[in-house]
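Below: one structure, written as structure tokens.
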Amino acid sequence: MPLNLEDKKSIVAEVSAIAAEAHSVVAAEYHGLTVDQMTQLRAKARNSGVYLRVVKNTLARRALVGTEFECINDGLVGPLVLAFSQEDPGSAARLVKDFAKEHNKLVTKMLAIGGEMLAATELERLASMPTKDQAISMLMSVMKAPTEKLARTLNEVPGKLVRTVAAVRDAKQA
């Protein structure tokens, strides 16, 4: 069913609004996936905070103009599904990577983060990026380490004194 001009404009506006606020994008070829498999992929995307959309390439090119993902416009060829990370930079990459393990028909073609297009082989690196909560946890552990070490060091002074007094007491008793 062909799209009329108003439908095309609304799709471009919707994808453009999502792309303007997204952290990263992954474009993957989905040729050969069944309808049930695509439905599973969409459900997993909704649960993980990823905007997933199959868009005609000409409409996607128009939607990405003026966003940091304009760098992938030249690679928009063939049947592609676009996955935009909305919560953290690695969520779309994790989704595509995990789904591609089970379904080899989903092939990553390109990805972009921060206005820079990356090779499809960089999917693993992007997927391994920590989530916001994990990054905060790592930062807090780094910030907490010096104070813990200081507390242990300060606690060692009275401990050493007690051990010295105990050794003197034991020497006098012997």
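Worth pointing out:
- Check on residue 94, charged (D, E, K, R) and touching a helix residue (DSSP H, G or I) at 6+ places or on another chain (Cβ under 6 Å): yes
- Pairs with Cβ under 8 Å, 6+ apart, first in region 149-174 and outside any helix (DSSP H, G or I), second polar (S, T, N, Q): none
- Count - residues of region 98-132 that are over 17 Å from residue 78 (Cβ atoms), assigned to a strand (DSSP E or B) and more than 12 Å from the chain's Cα centre (by Cα): 2
- Identity of the residue in region 1-33, of a type in the set (Ser, Thr, Tyr) and assigned to a helix (DSSP H, G or I), that ends up nearest to residue 63 (Cα to Cα): 16
- Single unsatisfied condition, residue 47 versus (1) within 30 Å of residue 5 (Cβ to Cβ); (2) modelled with pLDDT of 90 or more: (1)
- Entry remark, region 134-174: residues being of a type in the set (Asp, Glu) and either surrounded by 10 or more Cβ atoms within 10 Å (Cβ to Cβ) or in the same structural domain as residue 101 (by TED's automatic domain parsing) (or both) number 2 in total.
- Odd one out for residue 88, checked against (1) part of a helix (DSSP H, G or I); (2) of a type in the set (D, E, K, R); (3) under 17 Å from residue 118 (Cβ atoms): (1)
- Summed over region 34-83, the residues that are over 19 Å from the mean Cα position of the chain (by Cα), within 18 Å of residue 118 (Cα to Cα) and either assigned to a strand (DSSP E or B) or of a type in the set (S, T, N, Q) (or both) give a count of 2.
- Out of 52, 76, 33, sole residue that is at pLDDT 90 or above and either assigned by TED's automatic domain parsing to the domain that holds residue 100 or buried (at least 19 other Cβ atoms within 10 Å of the Cβ) (or both): 52
- Only residues that are hydrophobic (A, V, I, L, M, F, W, C) and surrounded by 15 or more Cβ atoms within 10 Å (Cβ to Cβ) were counted in region 1-16, giving 3.
The values are calculated or read from the model by the stated rules, or taken from the named source; none is laboratory data. Since we're looking at a predicted model, the values are computed, not measured. Quick reminder, even Gly has a Cβ in these numbers, built from the backbone with ideal geometry, and neighbours come from all protein chains shown.
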